[in-house]
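Colleague: Below is a structure I'd like to ask you about.
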Amino acid sequence: MVIKNVSLDIVCGITSVLPENERPELAFAGKSNVGKSSLINALMNRKGLARTSSQPGKTQTINFYNINDALYLVDLPGYGYAKVAKSEKEKWGKLIERYLHGSKQLKAVFLLIDIRHNPSENDKIMYNWIVHNGYNPIIIATKLDKIKRSQVQKHIKMIKEGLQVLDETLVLPFSAQTKQGREEIWNLMERLMEE
Ligand code: GTP
Ligand code: MG
């Protein structure tokens, strides 16, 4: 897709009413610090529109990025951030659940996993939650630049086994630093938008 214009259109916090959009939505979920906002910036060709941080817990709202008035990329709050109070975590969990359950325009959910690490308990819960809500999760293995090329297939296998993925689940490696994988993700997103 040729990116003509992008803007952060809607920001939803725990008390917000979720929007009823008319454009297709593609959502990005994953642990805090896994690289959701960095991926969204790379997809949009914008350096800092989605705020990123080396401190986990940066994105605490559901942010809707409008791409060419044609679709929304939806940045979900990260889970598993230890320093957040339990009551806050529960509220974010409810917000994400409300979104996954309620959005009428949501076409697909991408689940981001750090390519270096075994999926966590929370990652497994999230994966199953996405499936439970009727979506076929697409896994993006982030921070591809952090491992040797010869290790990539081994790590993808580790992620597939760790999550006990369905046979049809795709795992796409990606680096926000080198942009490797960006085209493949856009090709897939363009197909999903039309479904
Ligand atoms: P929350 O908003 O806290 O949920 O985090 P997030 O998932 O949005 O992560 P974010 O994009 O803010 O990235 C977290 C950190 O990882 C930042 O320091 C990024 O620069 C770094 N990072 C993200 N993607 C990559 C990548 O592909 N390669 C490398 N080397 N670093 C990355
Ligand atoms: Mg973020």
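FYI, it's all coordinate maths here, none of it is from the lab. The shown structure was predicted, so the numbers you read here are calculated from the model rather than taken from an experiment. Using ideal geometry, Cβ is built from the backbone for each residue, glycine included, and neighbour counts are taken over all protein chains shown.
Colleague: Which residue fluctuates most in the GNM of the chain (Cα springs below 10 Å): Lys148, Lys179, Lys36?
Modeller: Lys148
Colleague: On a C-alpha basis, how far is the centre of region 12-27 from the centre of region 162-195 in Å? Whole number, if you could?
Modeller: With region 12-27 and region 162-195 each reduced to a Cα centre, they are spaced 22 Å.
Colleague: Can you pick out the pairs among Lys4/Lys58; Lys31/Lys143; Lys107/Lys154; Lys31/Lys148; Lys31/Lys86 whose Cα atoms lie more than 25 Å from each other?
Modeller: Among Lys4/Lys58; Lys31/Lys143; Lys107/Lys154; Lys31/Lys148; Lys31/Lys86, the Cα-Cα distance tops 25 Å for Lys4/Lys58; Lys107/Lys154.
Colleague: So, one more: Bin width 10 Å, origin at 0, all Cα-Cα pairs of the chain: what percent of pairs per bin?
Modeller: Result returned by the calculation: 9, 39, 40, 12, 0.
Colleague: Mind putting a number on the dipole of region 6-193 about its Cα centre? Charges go on the C-beta only, +1 for Lys and Arg and -1 for Asp and Glu, and I need it in Debye to the nearest 20.
Modeller: 740 debye
Colleague: Per residue of region 188-195, what does 6.51 cos²θ - 1.76 cosθ + 1.60 with θ = phi - 60° give for ³J(HN,Hα)? Whole Hz please, x for Gly and Pro, Karplus curve as stated.
Modeller: Ordered by residue, 3J(HN,Hα) equals 5, 4, 5, 5, 5, 4, 7, 6 Hz.
Colleague: For region 55-70, take each phi angle, set θ = phi - 60°, evaluate the Karplus expression 6.51 cos²θ - 1.76 cosθ + 1.60, and give the result in whole Hz per residue in order, putting x for glycine and proline.
Modeller: Running phi through 6.51 cos²θ - 1.76 cosθ + 1.60 with θ = phi - 60° gives 7, x, x, 5, 8, 10, 9, 8, 10, 9, 9, 7, 10, 6, 6, 10 Hz.
Colleague: Let me ask something else about it. How long are the semi-axes of the equivalent ellipsoid of region 1-63, defined as square roots of 5 times the Cα gyration tensor eigenvalues? Whole Å, largest first.
Modeller: The three semi-axes for region 1-63 are 19, 18, 10 Å.
Colleague: Hey, quick one: spin label on Asn118, modelled 7 Å out along Cα-Cβ, who in region 162-179 has an amide N within reach, i.e. under 14 Å?
Modeller: 162-164
Colleague: Among Leu95, Leu39, Leu18, determine the one that fluctuates most according to a GNM of the chain built with springs between C-alpha atoms less than 10 Å apart.
Modeller: Leu18
Colleague: If we count every other residue with Cβ under 13 angstrom of Lys83's Cβ, Lys/Arg +1 and Asp/Glu -1, where does the sum land?
Modeller: Value of the local net charge: +2.
Colleague: Further, regarding this structure: How much of the DSSP bridge set in the chain is antiparallel, in percent, rounded to the nearest 5?
Modeller: 35 percent
Colleague: Give me a comma-separated list of calculated 3J(HN,Hα) values for region 90-98, in order, Karplus coefficients 6.51, -1.76, 1.60 applied at θ = phi - 60°, integers in Hz, x for any Gly or Pro.
Modeller: Once θ is set to phi - 60°, the couplings for region 90-98 become 5, 5, 5, x, 4, 5, 5, 4, 4 Hz.
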